[in-house]
Amino acid sequence: MPTTVDVPPALAPVFRAAEELVARYFAKKAERPAEGTIEIDSERYVLVRAASLSERFFHVVRDIYGEARRAEADDFARNILFDLAHAIGKSDAERFASTQLVTDDPIERLSAGPVHFAFTGWARVRVLPESSPTADEEYFLLYDHPYSFESDAWLRSSSPADFPVCIMSCGYSSGWCEASFGVRLVATEVLCRACGDEACRFVMAPPQRIDDHVDRWLAASRASGARRTARHRYPVPDLFARKTFEEKLRQAHDELEERVAERTAALEQEMKSRREIERQLRQSQKMEAIGRLSGGIAHDFNNVLGIVLGCAEVLERRYPDDEAVGLIRDAASRAAELTSRLLAFGRAQIVQADAIDLDEVVDESVRLVRNILGAHIELVREREGGPLVVWASPGALQQVLLNLCLNARDAMPEGGRLTVRTRRDAEHAELVVEDTGIGMDEATRERVFDPFFTTKESEGTGLGLSTAHGIVTQLDGTIEVASEPGAGARFAVRLPVIDAPPARRPESEERPAVRRDVSILLVEDDGALRGVVQEMLTRAGHRVLACDEAAGALAHLDAGAPVDLLLTDVVMPAMNGRALADETHARRPGLRVLYMSGYADDDVVRRGATGPGTRCLSKPFTSVQLLDAIDALLADEAGPR
C-alpha cells in the first residue's frame, strides 16, 4: 500500500507506482541558499508560509475592505485563493504529465496528484470508496485531508473560523483532476476541522453536478447520524463566473473620482457614437433617395420601352421586310439592356449566377467604362487568352468592375493609367484593376471595404467597395488590395474556375406554347402598355380581362369571372401588386400570379413579390418572354402558399 495517500485497495497499485515516481522526482531537490534557489529537475520551487495563504490572507483582505464589508472581503479572498490554486493545480498536472508520466490514462495521471500534494506539504489525501472518477459529467470524488495546511493555520491562530477554510486545497485538487480527465471540475469542502468537524472532507464534481452530489452526501450523513455543521456554510467556489474584484478595489480607493472618470468617458463615447450614427444616417438617407429616384425613373422608362418593343413586334409582323422596324426593335432592346445595367451598377442586387466567360463580361464592361473615365486617364486592357469560365452573374461582375474603376478614377485627379487585366491563376480566374493614383496608407487599406467608409468626405457614399466585396464573397471569391501612398493601388478579384461551357441565350425567339387558352386578369395602370400586353396575349390565344387598377380587378373576381392567372404590375396607385395578390388569394386560393415590374428583380424580391406559385417578369419584355413566363408558371404545380 502507498504510504503518502490512503486509497481503496483496487487503486493501491496505481497509487503505489505514482508514489515511487513522485518520490524519485522530489529526490532531485537541490537547495542553494547562497543563490536563493530551490530546484527540482531544473524547475524552480518556492517555500511559502502556510498561514500567508490561508488565515493571514483573509485578515489582510478584511483590513482593506473594513469591518463593515467583512462578508464581501471573505468572498473576494475565497475567489482569489480558489482561482489561483485551481490554475496552479492544472498547470502542475499538465507539466508533470508531459515531463514525468508516459500515459494517457486519466486514473494514472490523477494518482500523481495526491502524492504530489503530500510531498509539497499541502495535505495527506484519503480517497473514499464512494468515489467514481470518470471522464464525463458523472465524475464524482469524495476525499479527506487529515492534515490540511489551511485548517492547521486557522487552528493554530487565535481567530475562530466560521466557514470552511481549505479553499486552496479545493482549487488545487480540482485543477489537477480537471487536467487529468479533460472535464471541467470544481470542489467544495463539506466538513472542516477548523470549524470543529472531525475531518476536512471534500466533494469534487463538474460544476453543473456539484450541488446534486453535495445534497446526496448531506442526506447520507444525516441518515447515518454523523456530526456535521450547517449546509449553507459550505459555498461552492465559482471559478467559471469571475468576480469583478478589480473594480471594487478601485472604488474602495476613490469611488468619486472613478465615477467622474467613467461618466466622462461614457459621455465622450456616446457623443462619438452619435456623430457616427448621424453620419451613417445621412449616407443611408442619401442612398435611399437615389434608389427611389432611379427606381421611379426606371419604372416609367421601362414602361415606355415596353410599349416601343411591343409596337415594334406588331410592325415587324405587318412589315417583315422593313429595315426601319428592325432598327426600332434593336434600339429599344439596347436601351432596355442599358437601363438594366445602370440599375445593377447603382445598387446591390441578388446575384443570379450562371456559367459565364469572364473575358467577355470584362470586355463589354470596359467599353462602358471608357465613356466615364475622361480623356485624362489611359485605359489599358490586358488578357492572357484561353477560357476563363466562372460561376457568376454578368451584371454583378459589371458592378464590381465599375466600382473598382470609379475608385481608381477618383484616385487619379491629375490623370494616369488604369489597367484591367484578366488571367488564370491555378484554379482561379483573376481580375486585376490597377491604377497609378495617389495610393493608400495602412489605416485606409484596413478599412477600405468597410461599409460607409470613404476618403471623399461628403462626395462619396462609402458603399462602392463594400458592395464589390460582398458580391465577390457571395460568389465564393476573394478580393484583395495592395497599395502604398503615392504608388497607386491594385485590387485583385479571384473567382473559382469551373469546368463548363459558358451559358448561352436561346437563339430561337419563338417556341410552341404549353397552353394558349388561359383566362388572364391583366392589371396595368399605364394604358398604352396595357393595350400592348393585351394584344400580345390575345394574339397567342389567351382570354384577357384588362383593368387599369386593382379595384376593377377585384370587382371582376367578386362578380365570379373565370380567371386562371393574375398578371399585374407591381407599382400602382391606390393598391400595389402585392396587396392585390393577397386580396386575390383571399377570394381565389391557389390562383397563380405573374408580376410585371419596371424595377430590377432584386427590388421586387425585397418587396415580397415572389414565392411559390408566383413569378416576376422584368419590364420591358417581348411577347416571347411574356408567354414563356406564363407557360412556366402554369406548368408549376407548387401553387401559392
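Tell me, yes or no, whether the range 413-435 has at least one residue that is modelled with pLDDT under 75 and open to solvent by less than 40 Å² (accessible area, probe 1.4 Å).
no
What's the number of the only condition in (1) open to solvent by 20 Å² or more (accessible area, probe 1.4 Å); (2) touching a residue at least 60 places away in the same chain (Cβ under 8 Å); (3) in contact with an Asp or Glu (Cβ under 8 Å, 6 or more places away or on another chain) that Lys28 fails to meet?
With respect to (1) open to solvent by 20 Å² or more (accessible area, probe 1.4 Å); (2) touching a residue at least 60 places away in the same chain (Cβ under 8 Å); (3) in contact with an Asp or Glu (Cβ under 8 Å, 6 or more places away or on another chain), Lys28 is out only on (2).
Which members of the range 104-133 meet the condition of being closer than 18 Å to Asp152 by Cβ and small (Gly, Ala, Ser)?
Within the range 104-133, Ala118, Gly121, Ala123 qualify.
Here are Pro2, Pro8: which of them is touching a strand residue (DSSP E or B) at 6+ places or on another chain (Cβ under 8 Å) and either among the charged types (D, E, K, R) or open to solvent by less than 80 Å² (accessible area, probe 1.4 Å) (or both)?
Values: Pro2 fails: touching a strand residue (DSSP E or B) at 6+ places or on another chain (Cβ under 8 Å).
One residue alone meets the criteria, Pro8.
Starting from the range 318-331, take each residue that is surrounded by 14 or more Cβ atoms within 10 Å (Cβ to Cβ) and list its partners that are in a loop (DSSP other than H, G, I, E, B) and charged (D, E, K, R), counting only C-beta distances under 6 angstrom and pairs at least six apart or across chains.
none
Is it fair to say Leu110 is assigned to a helix (DSSP H, G or I) and either free of Cβ contacts under 8 Å to residues at least 12 places away in the same chain or in contact with a helix residue (DSSP H, G or I) (Cβ under 7 Å, 6 or more places away or on another chain) (or both)? Don't jump to the end; show me each part of the working.
Working: assigned to a helix (DSSP H, G or I): yes; either free of Cβ contacts under 8 Å to residues at least 12 places away in the same chain or in contact with a helix residue (DSSP H, G or I) (Cβ under 7 Å, 6 or more places away or on another chain) (or both): yes.
Against the criterion (assigned to a helix (DSSP H, G or I) and either free of Cβ contacts under 8 Å to residues at least 12 places away in the same chain or in contact with a helix residue (DSSP H, G or I) (Cβ under 7 Å, 6 or more places away or on another chain) (or both)), Leu110 qualifies.
State all residues of the range 173-189 that are over 11 Å from Glu94 (Cα atoms) and either of a type in the set (Ser, Thr, Tyr) or in contact with a Lys or Arg (Cβ under 6 Å, 6 or more places away or on another chain) (or both); if no residue qualifies, say none.
Selection gives Ser173, Ser174, Thr188.
Scan the range 239-256 and give yes if some residue there is modelled with pLDDT of 55 or more, in contact with a helix residue (DSSP H, G or I) (Cβ under 6 Å, 6 or more places away or on another chain), open to solvent by less than 60 Å² (accessible area, probe 1.4 Å) and within 30 Å of Asp6 (Cβ to Cβ), otherwise no.
No, the range 239-256 contains no residue that is modelled with pLDDT of 55 or more, in contact with a helix residue (DSSP H, G or I) (Cβ under 6 Å, 6 or more places away or on another chain), open to solvent by less than 60 Å² (accessible area, probe 1.4 Å) and within 30 Å of Asp6 (Cβ to Cβ).
Exactly one condition in (1) within 17 Å of Gly486 (Cβ to Cβ); (2) more than 28 Å from the chain's Cα centre (by Cα) is false for Arg423; which is it?
Failed condition: (1).
Please go through the range 16-45 and pick out each residue that is modelled with pLDDT of 90 or more, under 27 Å from Thr3 (Cβ atoms) and in a loop (DSSP other than H, G, I, E, B).
Passing the criteria: Ala27, Lys28.
Mind listing whichever residues of the range 536-595 are in a loop (DSSP other than H, G, I, E, B), of a type in the set (A, V, I, L, M) and within 23 Å of Gln625 (Cβ to Cβ)?
Keep residues of the range 536-595 that are in a loop (DSSP other than H, G, I, E, B), which gives 540-542, 548-549, 559-564, 570-576, 588-591.
This time we only want the ones that are of a type in the set (A, V, I, L, M), so: 540, 559, 561, 563, 570-572, 574-575, 591.
Ala540, Val563, Val570, Val571, Met572, Leu591 - these are the residues of the range 536-595 that are in a loop (DSSP other than H, G, I, E, B), of a type in the set (A, V, I, L, M) and within 23 Å of Gln625 (Cβ to Cβ).
Scan the range 594-627 for residues that are open to solvent by less than 30 Å² (accessible area, probe 1.4 Å), at pLDDT below 80, aliphatic (A, V, I, L, M) and out of contact with any strand residue (DSSP E or B) (no Cβ under 6 Å at 6 or more places or on another chain) and report the count.
Here the count works out to 1.
Condition check: in a loop (DSSP other than H, G, I, E, B), open to solvent by 30 Å² or more (accessible area, probe 1.4 Å), over 21 Å from Met1 (Cβ atoms) and not small (Gly, Ala, Ser). Does Val60 satisfy that?
Here the answer is no, as Val60 does not meet what is asked.
When both residues are 6+ apart or on different chains and their Cβ atoms are under 9 Å apart, which pairs have a first residue that lies in the range 357-385 and is open to solvent by 50 Å² or more (accessible area, probe 1.4 Å) and modelled with pLDDT of 85 or more, and a second that is part of a helix (DSSP H, G or I) and among the β-branched types (Val, Ile, Thr)?
Note: pairs meeting the criteria are Arg381/Val362; Arg381/Val366; Arg383/Val362.
Which numbered condition trips up Val304, out of (1) within 17 Å of Thr622 (Cβ to Cβ); (2) buried (at least 16 other Cβ atoms within 10 Å of the Cβ); (3) at pLDDT below 80?
All conditions pass for Val304, except number (3).
Among the residues of the range 171-223, which ones are hydroxyl-bearing (Ser, Thr, Tyr) and either part of a strand (DSSP E or B) or surrounded by 23 or more Cβ atoms within 10 Å (Cβ to Cβ) (or both)?
So the first thing to find is which residues in the range 171-223 are hydroxyl-bearing (Ser, Thr, Tyr), and the list is 172-174, 180, 188, 221.
Of everything in the range 171-223, those that are hydroxyl-bearing (Ser, Thr, Tyr) and either part of a strand (DSSP E or B) or surrounded by 23 or more Cβ atoms within 10 Å (Cβ to Cβ) (or both) turn out to be Tyr172, Ser173, Ser174, Ser180, Thr188.
Go through the range 5-28 and count every residue that is under 15 Å from Phe96 (Cα atoms) and of a type in the set (Lys, Arg).
Of the residues in that region, 2 qualify.
Would you check which residues across the range 570-593 are in contact with a strand residue (DSSP E or B) (Cβ under 7 Å, 6 or more places away or on another chain) and modelled with pLDDT of 90 or more and list them?
Correct list: Leu580, Ala581, Thr584, Leu591, Arg592, Val593.
The values are calculated or read from the model by the stated rules, or taken from the named source; none is laboratory data. Everything numeric in this text was worked out from a predicted model, so none of it was measured. Every residue, glycine as well, gets a Cβ built from its backbone with ideal geometry; the counts of neighbours run over all protein chains shown. We work out accessible area using only protein heavy atoms, side chains counted, and drop any ligands, DNA or RNA first. Shrake-Rupley method; radii C 1.70, N 1.55, O 1.52, S 1.80 Å.
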